[in-house]
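> Okay, here's the structure, questions in a sec.
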Amino acid sequence: MKSTPALSAKDPHAPADSPVIGMVSLGCPKALVDSERILTKLRADGYRFTDTHEGADLVIVNTCGFLDSAKAESLHAIGEAMNANGRVIVTGCMGAEPEQIEREHPKVLAVTGPQQYEQVVKAVHTHQPIVHNPYIDLVPQSYEEAGIKLTPRHYAYLKISEGCNNRCSFCIIPSLRGDLVSRPVHRVLYEAEQLAASGVKELLVISQDTSAYGVDLKYAQSPWKGGKVAAKFYDLCEELGKLGIWVRLHYVYPYPHVDSVIPLMAEGKILPYLDIPFQHASPSVLKAMRRPAAQEKTLERIRRWREICPELTIRSSFIVGFPGETEEDFEFLLNWLDEAQIDRAGAFKYEPVKGARSNDLEGHVPEEIKDIRWERFMEKQQDIAARASQAKIGKTLECIIDDVSEPDENGLCGADARSKADAPEIDGAVYIRDIAGAKPGDIVSVKIEDAEDYDLFGAPA
Ligand code: SF4
């Protein structure tokens, strides 16, 4: 679970005497979207924001409680905010276990759980009330209409559901966040359209289980643009593909119906990119993990997907050293990686999480073996990624610009960009030399000249 350091959303339009709120957002992109919703609601209520603890009247810490190391990081972030500011409200996944927070930081003002936007906002109003001025207060807006984005302006996360119906043995997210609750499809599409209209060039579709979208709604149809759209994975992708911006799918499980979106990728409607957290390949480990879609013949499917869409990039995450993982299981995983040619992969060493059923499994793997397996995994993965990167030398790729340096005396800049194969924050970058007049969000053609493990280097084509 990735942590995002202190984030801020400054609002120049809020009344100058309204209270100032600081926010630290930790954890995954789903938690980031929760932070955006909280900030959006607070902005609509007239609060202002700062990115320093010292300058805030109150600090909200949105915590991650997925792994014990993430919990420790969350407790540390709460401690920092307490020391620097002293007025702290805690929310997020760790808020589901308030005792631990209150034991370590008894002076926090309030603790609320994941997805409890209303409660966090209520706690802020209680502890830092705002004086309403009917002449200058902003008209409240929903986050779908004018959400605060903590991502750069040219890309945005689009959260399509909350919770999860799966019960992976190492994961406590369903007990923290509950079963799958999909957002109605017209709400998702409306938000996507508004984001595109406000200048967003890349949408990152997220949830706990993107391919299960709409199951809980029984694929209910919503009126949309004079017709009807079903709350279904394929239908959602097809509609998002009409926006004319990059659409990237995260947290997809290899259910058979996922096959149907590959032609949309081949036709250029959505990005040829699938983030599938496989977590392992050995059937016995997958069974112990209780992974969704573990029985599907993934290697065969991946081969077929690549036949239909040769450009397809697959990103995944894996756990090494899961209880009961034998040397044989681990070698099965390495061979599978070779066969599947997973383009981008991260690996975590298994960590027991309080409350997870995997804690009771037999055969916990000693730490030193986990370390060795992790090194071996990363070596294999780096090899695969490096070969894939080398194969791109000489090609021309469409890239989206994230950042641009100051121009030199000839007006030329360097730019940090990403190809269609690179999601922000987690994948590689394309470094462009000698580019003129570019700005973040521009999509440009780049001739690749060199490659290094995960990164590419090139010049405007
Ligand atoms: S799919 Fe598994 S790992 Fe992912 S949130 Fe659901 S239970 Fe947890």
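> Looking at the range 38-53, which of its residues are in contact with a strand residue (DSSP E or B) (Cβ under 9 Å, 6 or more places away or on another chain) and at pLDDT below 90?
38, 39, 42, 43, 47, 48, 49, 50, 51, 52
> Pick out the one residue from 355, 411 that is in contact (Cβ under 8 Å) with a residue 60 or more places away in the chain and either in the same structural domain as residue 72 (by TED's automatic domain parsing) or surrounded by fewer than 14 Cβ atoms within 10 Å (Cβ to Cβ) (or both).
355
> What about residue 302, is it touching a strand residue (DSSP E or B) at 6+ places or on another chain (Cβ under 8 Å), more than 16 Å from the ligand (Cβ to nearest atom) and hydrophobic (A, V, I, L, M, F, W, C)?
Yes, satisfied.
> Output yes when any residue across the range 198-206 is within 30 Å of residue 268 (Cβ to Cβ), modelled with pLDDT under 90 and acidic (Asp, Glu), and no when none is.
no
> Another question about this same structure. Are any residues in the range 258-295 loosely packed, with under 14 Cβ neighbours inside 10 Å and either within 14 Å of the ligand (Cβ to nearest atom) or in a loop (DSSP other than H, G, I, E, B) (or both), and if so, which ones?
Matches in the range 258-295: 267, 268, 295.
Residues are listed down the side, and each one gets a yes or a no for (1) on the phi < 0 side of the Ramachandran plot; (2) of a type in the set (A, V, I, L, M):
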{"residue": "175", "(1), (2)": "yes, no"}
{"residue": "191", "(1), (2)": "yes, no"}
{"residue": "203", "(1), (2)": "yes, yes"}
{"residue": "206", "(1), (2)": "yes, yes"}
{"residue": "218", "(1), (2)": "no, no"}
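> Which one of the conditions (1) closer than 30 Å to residue 169 by Cβ; (2) surrounded by 15 or more Cβ atoms within 10 Å (Cβ to Cβ); (3) out of contact with any Lys or Arg (no Cβ under 8 Å at 6 or more places or on another chain); (4) touching a residue at least 60 places away in the same chain (Cβ under 8 Å) does residue 380 fail to meet, given that it meets all the rest?
It is condition (4) that residue 380 fails.
> What are the residues in the range 160-175 that are surrounded by 22 or more Cβ atoms within 10 Å (Cβ to Cβ) and either in the same structural domain as residue 32 (by TED's automatic domain parsing) or more than 10 Å from the ligand (Cβ to nearest atom) (or both), if any?
160, 161
> I want to confirm something. Restricting to the range 182-220 and keeping residues that are more than 20 Å from residue 243 (Cα to Cα) and acidic (Asp, Glu), which single residue is farthest from the ligand (Cβ to nearest atom)?
216
> State whether one or more residues within the range 306-321 are within 26 Å of the chain's Cα centre (by Cα), farther than 30 Å from residue 396 by Cβ and among the aromatic types (Phe, Trp, Tyr).
Checked against the condition, which is being within 26 Å of the chain's Cα centre (by Cα), farther than 30 Å from residue 396 by Cβ and among the aromatic types (Phe, Trp, Tyr), the range 306-321 yields at least one hit.
> Here's another thing I want to ask about it. Please specify each residue of the range 123-156 satisfying the condition of being more than 14 Å from residue 42 (Cα to Cα) and at pLDDT 90 or above.
154, 155, 156
> Give all pairs with beta carbons closer than 6 Å in which a residue from the range 225-239 that is within 15 Å of residue 158 (Cβ to Cβ) meets a residue that is surrounded by fewer than 18 Cβ atoms within 10 Å (Cβ to Cβ) and of a type in the set (A, V, I, L, M, F, W, C); count only pairs at least 6 apart in sequence or on separate chains.
231/220
> Okay, moving on. Whether any residue in the range 320-342 is of a type in the set (Gly, Ala, Ser) and within 16 Å of the ligand (Cβ to nearest atom) is what I want to check.
For the range 320-342, residues of a type in the set (Gly, Ala, Ser) and within 16 Å of the ligand (Cβ to nearest atom): absent.
> For the range 176-194, indicate whether the set of residues that are assigned by TED's automatic domain parsing to the domain that holds residue 252, buried (at least 21 other Cβ atoms within 10 Å of the Cβ) and touching a residue at least 60 places away in the same chain (Cβ under 8 Å) is non-empty.
Yes; the residues of the range 176-194 include at least one that is assigned by TED's automatic domain parsing to the domain that holds residue 252, buried (at least 21 other Cβ atoms within 10 Å of the Cβ) and touching a residue at least 60 places away in the same chain (Cβ under 8 Å).
> Please go through (1) touching a residue at least 60 places away in the same chain (Cβ under 8 Å); (2) of a type in the set (Val, Ile, Thr); (3) out of contact with any strand residue (DSSP E or B) (no Cβ under 6 Å at 6 or more places or on another chain) for residue 206 and return the number of the only condition it doesn't satisfy.
So the condition that residue 206 fails would be (3).
> Go through the range 237-257 and report how many residues are out of contact with any Asp or Glu (no Cβ under 6 Å at 6 or more places or on another chain), at pLDDT 95 or above and outside any loop (DSSP other than H, G, I, E, B).
Residues meeting the conditions: 10.
The values are calculated or read from the model by the stated rules, or taken from the named source; none is laboratory data. What you see is a predicted model, and the numbers here were worked out from it, not measured in a lab. Because the Cβ atoms are built from the backbone with ideal geometry, glycine has one as well, and the counts that use them run over all protein chains shown.
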